[in-house]
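The structure appears below as C-alpha cells.
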Amino acid sequence: MKKLIIILILFSIVSCATKTSKYLTSNDTNNSKQTEDKPYVLLISIDGYRWDYTEKYSPKFLTNFMKTGSSVKSLRPSYPTKTFPNHLSIITGRYPMNHGIIGNRFYAPSIDRSYSLRDRSAIEDTRFYTAKPLWVLAEEQGMKTATYFWPGSEAKIDGSFPSYYLKYNHGTPHDERINTVLKWFKMPKEKRPHFATLYFHDVDSAGHNYGPNASETEAAVHKVDKSIERLVHELNKLNLPLNIVIVSDHGMAELDEKNVELIGKSKKVKTNLESFKIVGKGPLVHFYRSNSSFKYVTRTMNLINKNAKHFKCYKKNKTPKYLNFRKNKRIGDFVCIADRGWSISHEPKSIPKGNHGWSQFEGTDMHSILYAKGPNFKSAFKQGTVNNIDIYPMLAKILDLKIEHEIDGKIKNTMPLIKE
Ligand code: AMP
Ligand code: ZN
Ligand code: ZN
C-alpha cells in the first residue's frame, strides 16, 4: 500500500512538472517542403518591461542574453503606448492608426461596436483588425505558426489563425506556457511551427500595482528571467536553427497621486459632454460625438482647452503629426492627451502606482526592449533606438517570407542586427 502511494505521488509530481496546456489547432496542413529548411523564430514578449530594467535590476539571464546577442539601446513603441496597440504594431509592422487597434479600448463607428481588451467576443471579432500579422503572412506562405498568447491571435485575420494557439488565460503558470512551447518545437518537422510567440504579463502587472521602482517589480523581472532561462536551456538541447527574439511593448512611469486633472470642471462643459461617448482615462481620453454637429465638437473642445493645465485636446486628424495617430475613424472626434506623468479623466478616478500610454517622444519612460540571439543575428552587437514597427520586416526576412503589402516599418532600421 505504502509503495502504491509513493508511486502515485511520484506520478503526480512528474505529470505536474510536464503539464502542457491544451491548445487549439486551426488546420492540419504540413509545412511546405521549402519551409522545412528555413530557420525558426521564437518571439517572447515581456509586457511592460521598461528599456532600462536590465541595467536597473540585473536579471542574470537577460543581462547575458543582451550582451552576447544583438540588441538596441531601446525600442520606441507606437502611440498610444498601451499593450494591444503595440503588440499589434510589433506583429504587423504598422502604426495603430493603420492596423486598427488604436487603443486597449475604443469605439469603431463603422461597425458601431466598442473594443476592449476585457471583452473576449470583441477581441475575437475579425472586423477590428486591418493589417496582416506575421503568423498570417507565414501561414499564407506554407509555414506553420503558433502563439502562446498575443493580442489579436484569437481572431481570424485574412482568413487564418495561427496553426496552434490559445485563448488568453491570465493565470496560466509559467511552466505550463514553457512546456507547451517546448512541445511545439519538439514536433516532427512537418508539423513544427517555424514562428511562435510567448507572452508574460507579470512585469507590467507589478509595475501598475507597485510602480517601476518597487521591489515587487524587481521580483517580477527576476521571475520572468528565470522562466526564460529554463525555456532557452531546454530549447538549446534541440539543436534547431532557432532565433530567440525578446521584446516588450512599452515601458512604465512612476505616478504621483497629485498629478491628476479633471477634464471639464465647469457646469457648462459638463452639460456639453453629455452628448459625447467618452472612452479612456489616464494618458488619453477619446470623445465621440453622438448627434452633435462638428461645430459643437469644436466649441466643446475649445472650452475644455481654455482651462486645461496639464493636457491638450486635439480634433481628430489634428493630433501632433509625429504621433502618427490620425486618419482613423476609431479615434475620437476630439481627443485629450495628457502631459507626461499626468492622468486625466472626465470623472474622479483613482490612479495606479505606475502606468503607461504617454507619448514615446517625451523622455524614455515609455521605451521598451529588443534583444535577439540565434544563427541569424550578430553576436555582441548593439545599436541605437529603433521603432517597434521595424521588427516585422526583420522577422519576415529571417523567415524568408515575402511582404507584398503595405507596411510602415523599414527593414533598413533593423537590418544592422542581422547577419548578412
Ligand atoms: P495594459 O497594461 O492595460 O495595457 O494591458 C495589460 C494587460 O493586457 C495584461 O495584464 C493582460 O491582462 C492583458 N492581456 C495581454 N494579452 C492579452 C490577450 N491576448 N488577450 C486578453 N488580454 C490580454
Ligand atoms: Zn503592455
Ligand atoms: Zn500595463
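The values are calculated or read from the model by the stated rules, or taken from the named source; none is laboratory data. Given the structure is predicted, the values throughout are model-derived calculations rather than measurements. Cβ sites come from the backbone with ideal geometry, for glycine too, and all protein chains shown count toward neighbours.
With the stretch 16-98 as the region, which helices (runs of 4 or more DSSP H) entirely inside it contain at least 1 residues that are away from ligand 3 (no atom under 16 Å from the Cβ), out of contact with any helix residue (DSSP H, G or I) (no Cβ under 9 Å at 6 or more places or on another chain) and of a type in the set (D, E, K, R)?
Correct list: 33-36, 60-68.
I'd like the residue in the stretch 222-251 that is under 26 Å from ARG50 (Cβ atoms) and basic (Lys, Arg) and, out of all such residues, is farthest from ligand 2 (Cβ to nearest atom).
That would be ARG230.
On the basis of being surrounded by fewer than 23 Cβ atoms within 10 Å (Cβ to Cβ), within 25 Å of ILE403 (Cα to Cα) and out of contact with any Leu (no Cβ under 8 Å at 6 or more places or on another chain), does ASP28 make the cut?
So ASP28 passes the test.
Identify the residue in the stretch 104-128 that is in a loop (DSSP other than H, G, I, E, B) and not hydrophobic (A, V, I, L, M, F, W, C) and, among all such residues, is farthest from the chain's Cα centre (by Cα).
ASP112
Exactly one condition in (1) surrounded by 21 or more Cβ atoms within 10 Å (Cβ to Cβ); (2) in contact with a Ser or Thr (Cβ under 8 Å, 6 or more places away or on another chain); (3) not in a loop (DSSP other than H, G, I, E, B) is false for LYS382; which is it?
In the conditions (1) surrounded by 21 or more Cβ atoms within 10 Å (Cβ to Cβ); (2) in contact with a Ser or Thr (Cβ under 8 Å, 6 or more places away or on another chain); (3) not in a loop (DSSP other than H, G, I, E, B), LYS382 misses (1) alone.
Hey, among LEU284, LEU273, which residue is in contact with a His (Cβ under 9 Å, 6 or more places away or on another chain), aliphatic (A, V, I, L, M) and not assigned by TED's automatic domain parsing to the domain that holds PRO85?
Being in contact with a His (Cβ under 9 Å, 6 or more places away or on another chain), aliphatic (A, V, I, L, M) and not assigned by TED's automatic domain parsing to the domain that holds PRO85 holds for just one of LEU284, LEU273, which is LEU273.
Right, SER350: farther than 30 Å from ASN307 by Cα, among the hydroxyl-bearing types (Ser, Thr, Tyr) and in a loop (DSSP other than H, G, I, E, B) or not?
So SER350 fails the test.
Taking the stretch 56-88 as the region of interest, how many residues are within 16 Å of ligand 2 (Cβ to nearest atom), of a type outside the set (Ser, Thr, Tyr) and in contact (Cβ under 8 Å) with a residue 60 or more places away in the chain?
The qualifying residues number 9.
Looking at the stretch 399-408, can you tell me whether even one residue there is in a loop (DSSP other than H, G, I, E, B), in contact with a Leu (Cβ under 8 Å, 6 or more places away or on another chain) and outside the structural domain of PRO59 (by TED's automatic domain parsing)?
no
Give the residue that is surrounded by the most Cβ atoms within 10 Å (Cβ to Cβ), with candidates limited to residues of the stretch 46-55 that are in contact (Cβ under 8 Å) with a residue 60 or more places away in the chain and away from ligand 1 (no atom under 16 Å from the Cβ).
The qualifying residue surrounded by the most Cβ atoms within 10 Å (Cβ to Cβ) is TRP51.
Within the stretch 284-297, can you find the residues that are within 29 Å of SER78 (Cα to Cα) and in contact (Cβ under 8 Å) with a residue 24 or more places away in the chain?
LEU284, VAL285, HIS286, PHE287, TYR288, ARG289, PHE294, VAL297
Could you grab me the full set of residues in the stretch 364-401 that are over 19 Å from PRO241 (Cβ atoms) and either of a type in the set (Ser, Thr, Tyr) or modelled with pLDDT under 95 (or both)?
THR364, SER368, THR385, TYR392
Which pairs have Cβ atoms under 9 Å, sit 6 or more apart or on different chains, and link a residue in the stretch 122-145 that is farther than 18 Å from VAL41 by Cα and in the same structural domain as PHE161 (by TED's automatic domain parsing) to one that is part of a helix (DSSP H, G or I) and of a type in the set (A, V, I, L, M)?
ASP125/ILE111; ARG127/ILE111; PHE128/ILE111; PHE128/ALA122; TYR129/LEU88; ALA131/LEU88; ALA131/ILE91
Could you check the stretch 329-347 and list, in sequence order, the residues that are within 16 Å of ligand 3 (Cβ to nearest atom) and in a loop (DSSP other than H, G, I, E, B)?
GLY341
Does SER116 satisfy being within 16 Å of ligand 1 (Cβ to nearest atom) and in contact with a Phe, Trp or Tyr (Cβ under 9 Å, 6 or more places away or on another chain)?
Spelling it out, SER116 is indeed within 16 Å of ligand 1 (Cβ to nearest atom) and in contact with a Phe, Trp or Tyr (Cβ under 9 Å, 6 or more places away or on another chain).
Given ALA131, ALA138, which one is surrounded by 24 or more Cβ atoms within 10 Å (Cβ to Cβ), in contact with a Ser or Thr (Cβ under 6 Å, 6 or more places away or on another chain) and not in a loop (DSSP other than H, G, I, E, B)?
Selected residue: ALA138, the only one of ALA131, ALA138 that is surrounded by 24 or more Cβ atoms within 10 Å (Cβ to Cβ), in contact with a Ser or Thr (Cβ under 6 Å, 6 or more places away or on another chain) and not in a loop (DSSP other than H, G, I, E, B).
Can you find a residue that is within 16 Å of ligand 1 (Cβ to nearest atom), in contact with a Pro (Cβ under 8 Å, 6 or more places away or on another chain), among the polar types (S, T, N, Q) and closer than 30 Å to ARG299 by Cα anywhere in the stretch 326-344?
yes
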